1. For region 115-163, what are the residues that are crowded, with 24+ Cβ neighbours inside 10 Å and not aliphatic (A, V, I, L, M)?
2. Looking only at residues in region 305-336 that are buried (at least 20 other Cβ atoms within 10 Å of the Cβ) and among the hydrophobic types (A, V, I, L, M, F, W, C), which one is farthest from residue 277 (Cα to Cα)?
3. So, in region 122-158, how many residues would count as being more than 19 Å from the chain's Cα centre (by Cα) and either farther than 21 Å from residue 72 by Cβ or not aliphatic (A, V, I, L, M) (or both)?
4. Please pick out the residue among 239, 188 that is of a type outside the set (Ser, Thr, Tyr), surrounded by 18 or more Cβ atoms within 10 Å (Cβ to Cβ), touching a Pro at 6+ places or on another chain (Cβ under 8 Å) and in contact (Cβ under 8 Å) with a residue 24 or more places away in the chain.
5. I need a count of the residues in region 287-315 that are aliphatic (A, V, I, L, M) and within 15 Å of residue 113 (Cα to Cα).
6. Residues that are closer than 27 Å to residue 260 by Cα, in contact (Cβ under 8 Å) with a residue 40 or more places away in the chain and of a type in the set (A, V, I, L, M, F, W, C): list the strands (runs of 3 or more DSSP E) wholly contained in region 96-164 that include at least 1 such residues.
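The values are calculated or read from the model by the stated rules, or taken from the named source; none is laboratory data. Fair warning: this is a prediction, and the values are worked out from it, not measured in the lab. Counting neighbours? That spans all protein chains shown, and the Cβs are built from the backbone with ideal geometry, glycine included.
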Amino acid sequence: MDKRNAKRTIPVCQPFLDGDELSYVTEALNTGWISSSGEYVTAFEEKFAEYCAVRYGVAVCNGTVAIHLALVAVGIGPGDEVIIPDFTMIATAVAVIYTGAKPVFVDADASTWNIDISKIEAAITSRTKAIMPVSLFGNPCDMDHIHTIARQHGLKVIEDAAESHGAEYKGKKVGSLADVTAFSFFANKILTTGEGGMVVTDNKELADRCRYFKNLCFPLSGPRNYIHEDVGFNYRISNLHAAIGLAQVEKADAYRAMRIRNAAFYRECLKDMPEINFSKDMADSLNVHWMNAITIDPGKSGRGRDLLMEHLKSQGVETRLLFVGMHHQPCLRKAGCDCQGDYPVTDYLTANGLYLPSGSNLSEADIQYVCEKIREVVRA
């Protein structure tokens, strides 16, 4: 096949592995330490906790169970309520369901697309035990205001930072801003292990509870007598995945810089198009732009989101829809969640938004090509 005539393809978010991943995984294989025991698990936990500026990291097999484990660690259980954003990935909500508690939804902020801080207090009831903000697409939430509300009502703050490795709020890393924080290392994340997650905290008691529950509630010290006092979970990460994770964390600042650079170039290329909107960053935060999400303003463009996605696909550019609001999820309605009410900002984002290609190693030529193809539709 003549490569000059091959169709150009730009993935929506390709993993970027250019460190010591192969070397570390090979060493783990050669030593035979391939399951959840091994030096790379401990090294990965310590290195990522250090990166987040906290004392403890507990590595697990994916981001959803990291959220579940964080909830369990702070004591969330049946009859409790946890406030979450309506505009988020389904994992945020189902992790609450796993505990027997109920998620309570709050609409998105029209500017940042994160949880609308001004609507949190109205969602608090006598059953509320925690607030779980999501630093959406790498954009940190207004954590000072969230903590103020939490203190006034005696609530825990659990952050879902699945998408926000390296993000900062007022000079502090995401991961150090809540009682406990959950991360994902899925293949499309800024840092990846293929599948994996981490719970981080400065609280030793919470870290110990996470370690206890993630490993079927085996005692943390002493001999294994195979007597289990509590019902635990098998949420362990393998030494092989942790080996990849360690190599990724060693280059975390470089990968973060790549995402920030790419986002800036997208905004520069599209700055003269009022039909295209990005979320806004707070002045005192560092958005790491896990995904470059946009909305197409239907009032300013005669061509909608779906037509744009079809055109981009025909030109070899992969995109993805944005999240559908939690209040539209049949599984949550079946689980007894209150899915009534209006969530206009979430509905707008769902109807008009999409992800553009966002991998760390995108070239400026790739981004320029994507933006040219956007113009062909939006300005047609």
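1. 133, 135, 137, 138, 139, 140, 141, 159, 160, 163, listed by residue number.
2. Here the residue is 332.
3. From region 122-158, those more than 19 Å from the chain's Cα centre (by Cα) are 122-129, 144-145, 147-156; that's our starting set.
When the remaining residues are screened for being either farther than 21 Å from residue 72 by Cβ or not aliphatic (A, V, I, L, M) (or both), the result is 122-129, 144-145, 147-149, 151-154, 156.
Summing the residues that are more than 19 Å from the chain's Cα centre (by Cα) and either farther than 21 Å from residue 72 by Cβ or not aliphatic (A, V, I, L, M) (or both) in region 122-158 gives 18.
4. Numbers: 239 fails: touching a Pro at 6+ places or on another chain (Cβ under 8 Å).
Only one candidate qualifies: 188.
5. Quick first cut of region 287-315, residues aliphatic (A, V, I, L, M) only: 288, 291, 293-294, 296, 307-309, 312.
Going one step further and asking which of them are within 15 Å of residue 113 (Cα to Cα), we end up with 288, 291, 293-294, 296.
Counting residues in region 287-315 that are aliphatic (A, V, I, L, M) and within 15 Å of residue 113 (Cα to Cα) gives 5.
6. Strands (runs of 3 or more DSSP E) meeting the threshold: 156-160.
Listed here are the residues, each with its yes/no results for (1) outside the structural domain of residue 344 (by TED's automatic domain parsing); (2) out of contact with any strand residue (DSSP E or B) (no Cβ under 6 Å at 6 or more places or on another chain); (3) closer than 15 Å to residue 351 by Cα.
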| site | (1), (2), (3) |
| --- | --- |
| 267 | no, yes, no |
| 282 | no, yes, no |
| 292 | no, no, no |
| 306 | no, yes, yes |
| 327 | no, no, yes |
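Per-residue answers, yes or no, for (1) within 16 Å of residue 317 (Cα to Cα); (2) under 21 Å from the mean Cα position of the chain (by Cα); (3) part of a strand (DSSP E or B):
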residue	(1), (2), (3)
346	no, yes, no
354	yes, yes, yes
359	yes, yes, no
370	yes, no, no
